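The values are calculated or read from the model by the stated rules, or taken from the named source; none is laboratory data. Fair warning: this is a prediction, and the values are worked out from it, not measured in the lab. Here the Cβ positions follow ideal geometry from the backbone for every residue, glycine too, while neighbour counts run over all protein chains shown. Heads up: the accessible areas ignore ligands, DNA and RNA and are worked out on the full protein's heavy atoms, side chains in. Shrake-Rupley method; radii C 1.70, N 1.55, O 1.52, S 1.80 Å.
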Amino acid sequence: MPLTAEQDRRRSWISLLAQSDAPTLAALWAESGLAADFHWLRAPETGGVMVQGRMGASGAAFNLGEMTVTRASLQLDDGTVGHAYVQGRDKTKAQIAAQVDALMQTGQAERAEAAILAPLRAAGVARRSARAARAAATKVDFFTMARGDV
Amino acid sequence: MYVAVKGGERAIENAHAWLDEERRGDPAFAALSLAQIREQLSLAVDRVMAEGSLYDPDLAALAIKQARGDLIEAIFLIRAYRTTLPRLGTSRPVDTGAMACDRRISATYKDAPGGQVLGPTFDYTHRLLDFKLAAEGTPAPAPAPQATARTAPTPHIAAYLQDEGLMQSEPADDTAPSDITRTPMSYPAGRAVRLQSLARADEGFTLGMAYSTQRGYGYNHAFVGELRIGRVPVEMDVPELGFAVEIGEIELTECETVNQFKGSRTSPPQFTRGYGLVFGKGERKAISMALVDRALRWEELGEDNTGAAAQDEEFVLSHGDNIQATGFLEHIKLPHYVDFQSELELVRKMRRDAGAGNTAEAAE
């Protein structure tokens with residue numbers, strides 16, 4: 001079933017928060033001045049997720065190994081629910097991610113987008129393009145050698 | 001008679017206190033930070049994650065520090081920690097076709113779409129010690145040269161041969177594979193279980209098995225059709241949301257070999273493949289895994305079993321795990337006083353009996 005536009009946007013910010021660097025996220029949250037009073041629906045919990053691959057990259061699924069993930073769910077005082085599934089074992093990261101997920105569904109969305117998500121997105125783009133540009137510089141240019149007998 | 005003995009508590013405590021001191025080394029030198037291990041010994045970190053079967057670079061760095069650089073001990077620590085983690089779910093199979101490749105090479109197609117991208121490789125270095133690295137306080141190297149990056153995804157080489165019908169296809173199948181961390185191994189194991197087991201198998205063992213196939217034991221000539229290293233997002237369906245989200249990004253090394261196949265009664269001559277996929281940067285391991293995977297597929301492809309070790313699923317899977325192997329190997333150094341006493345008694349008795357016989361013979 002295709003996602004609604006709203007679900008697609010939510011999917012995108014939850015994914016961004018999941019991959020963020022924990023200290024960066026904590027610093028952005030502290031600087032943002034955003035606040036979200038809440039109670040836990042599920043306090044942060046660290047566990048493993050089994051990562052699957054495919055045989056020959058395209059075939060049947062197999063279990064590759066696990067990765068650490070921390071999840072949390074909370075409810076703001078206005079009733080909005082925020083969820084987080086973030087890479088790693090940082091419980092503060094999961095809490096902030098769930099708070100931002102909740103705030104993004106409220107009137108605070110614009111502020112959270114500007115103060116948290118936009119800088120995270122920019123950092124991700126910068127990180128990826130720095131690697132991609134270095135990789136591109138190691139691409140082999142073949143040239144034909146002139147043979148001695150011609 | 002079995003006599004339980006107890007003792008050595010103080011000796012053990014003191015041994016561990018000394019271990020802590022030795023681990024730290026000379027306190028005149030700065031202690032290693034986890035960030036230093038993670039950033040500067042990243043291939044050791046990757047190996048511990050791959051064979052520990054848990055992707056978490058900070059934990060792997062901690063394990064390496066605690067194990068004083070003994071990687072198998074570090075892998076043991078990670079495996080033990082892994083068992084304490086509740087399983088939060090299973091990801092969707094990662095899409096390595098969407099990988100942001102740091103490195104991508106093919107030994108079969110010079111002009112592969114996406115190009116031959118070397119990445120930060122040891123290949124073509126002269127393997128001469130670089131004494132500049134021995135100097136302390138050397139400034140960090142200047143940023144490496146950059147060029148305009150491609151934005152298109154890097155297609156898999158095998159797909160081209162598959163489009164021509166020259167490569168055995170690997171049809172997608174999302175049936176939940178058996179999991180060796182949940183279900184004890186039984187044989188025949190099947191390819192999914194073999195791949196899970198090989199992905200976390202000891203690199204040295206896997207390399208040795210792969211090398212044995214190259215030297216003719218279960219020979220199957222392999223080309224490295226493609227080797228790629230890079231990052232992929234990991235997606236998981238989250239029930240409370242009702243849709244899948246990315247829960248993180250991991251670095252993987254993938255190798256696909258292209259192997260000849262003569263064909264059989266049911267299949268025309270075509271290429272077949274071996275597949276290797278490991279956490280982190282581990283191309284020696286990924287290539288080895290692909291070769292061993294291909295050797296183990298002899299039955300499915302109707303090839304001869306030449307009796308080679310690399311074709312023996314039970315041999316490969318039951319000896320490739322360095323934690324299982326270490327556990328059994330190292331247990332023989334623990335006290336076996338009672339076992340040995342009984343052996344000692346037996347040998348003495350046999351010698352007495354033999355001696356008595358000799359004396360009797362001499363008397364005759």
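The figures follow:
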read-out: Flag if residue B:176 is more than 10 Å from chain A (Cβ to nearest Cβ) and either touching a residue at least 12 places away in the same chain (Cβ under 8 Å) or surrounded by fewer than 16 Cβ atoms within 10 Å (Cβ to Cβ) (or both); value: no
read-out: Selection from region A:60-75 of residues that are within 7 Å of chain B (Cβ to nearest Cβ) and under 22 Å from residue B:84 (Cα atoms); value: A:63, A:64, A:65, A:66, A:67, A:68, A:69, A:71, A:73
read-out: Within region B:59-88, tally of residues that are basic (Lys, Arg), within 13 Å of another protein chain (Cβ to nearest Cβ) and surrounded by fewer than 18 Cβ atoms within 10 Å (Cβ to Cβ); value: 1
read-out: Subset of region A:77-92 [more than 8 Å from chain B (Cβ to nearest Cβ) and open to solvent by less than 10 Å² (accessible area, probe 1.4 Å)]; value: A:82, A:84
read-out: Members of region B:120-155 that are outside any loop (DSSP other than H, G, I, E, B) and open to solvent by 100 Å² or more (accessible area, probe 1.4 Å); value: B:131, B:132, B:133
read-out: Cβ pairs under 7 Å, 6+ apart, first in region B:311-337 and open to solvent by 80 Å² or more (accessible area, probe 1.4 Å), second outside any helix (DSSP H, G or I) and not basic (Lys, Arg); value: B:314/B:187
read-out: Counted residues, region B:213-240 - those being open to solvent by 10 Å² or more (accessible area, probe 1.4 Å) and assigned to a strand (DSSP E or B); value: 8
read-out: When residues of region A:1-17 are limited to those that are more than 20 Å from residue A:76 (Cα to Cα) and buried (at least 16 other Cβ atoms within 10 Å of the Cβ), the one farthest from the other protein chains (Cβ to nearest Cβ); value: A:16
read-out: Subset of region A:93-150 (residues that are small (Gly, Ala, Ser), within 11 Å of chain B (Cβ to nearest Cβ) and open to solvent by 80 Å² or more (accessible area, probe 1.4 Å)); value: none
read-out: Some residue of region B:188-204 being among the hydroxyl-bearing types (Ser, Thr, Tyr) and open to solvent by 60 Å² or more (accessible area, probe 1.4 Å); value: no
read-out: Any hit, region B:156-166, residues being among the hydroxyl-bearing types (Ser, Thr, Tyr), within 24 Å of residue B:198 (Cα to Cα) and either part of a loop (DSSP other than H, G, I, E, B) or more than 9 Å from chain A (Cβ to nearest Cβ) (or both); value: no
read-out: Condition met for residue B:243 (more than 8 Å from chain A (Cβ to nearest Cβ) and either surrounded by fewer than 24 Cβ atoms within 10 Å (Cβ to Cβ) or of a type in the set (D, E, K, R) (or both)); value: no
read-out: Any hit, region B:15-30, residues being open to solvent by 60 Å² or more (accessible area, probe 1.4 Å) and within 20 Å of residue A:87 (Cβ to Cβ); value: no
read-out: Qualifying residue in region B:89-99 (condition: of a type outside the set (S, T, N, Q), part of a loop (DSSP other than H, G, I, E, B), touching a Gly at 6+ places or on another chain (Cβ under 8 Å) and open to solvent by 90 Å² or more (accessible area, probe 1.4 Å)); value: no
read-out: Selection count, region A:89-114, where residues are under 16 Å from the mean Cα position of the chain (by Cα), over 28 Å from residue B:200 (Cα atoms) and in a loop (DSSP other than H, G, I, E, B); value: 1
read-out: Those residues of region B:179-228 which are more than 9 Å from chain A (Cβ to nearest Cβ) and of a type in the set (A, V, I, L, M), in sequence order; value: B:185, B:189, B:198, B:201, B:207, B:209, B:210, B:222, B:224, B:227
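Rundown of residues vs (1) touching a Leu at 6+ places or on another chain (Cβ under 7 Å); (2) more than 13 Å from every other protein chain (Cβ to nearest Cβ), yes/no style:
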| site | (1), (2) |
| --- | --- |
| B:48 | yes, no |
| B:52 | no, no |
| B:57 | no, no |
| B:96 | yes, no |
| B:120 | no, no |
| B:128 | no, yes |
| B:134 | no, yes |
| B:137 | no, yes |
| B:140 | no, yes |
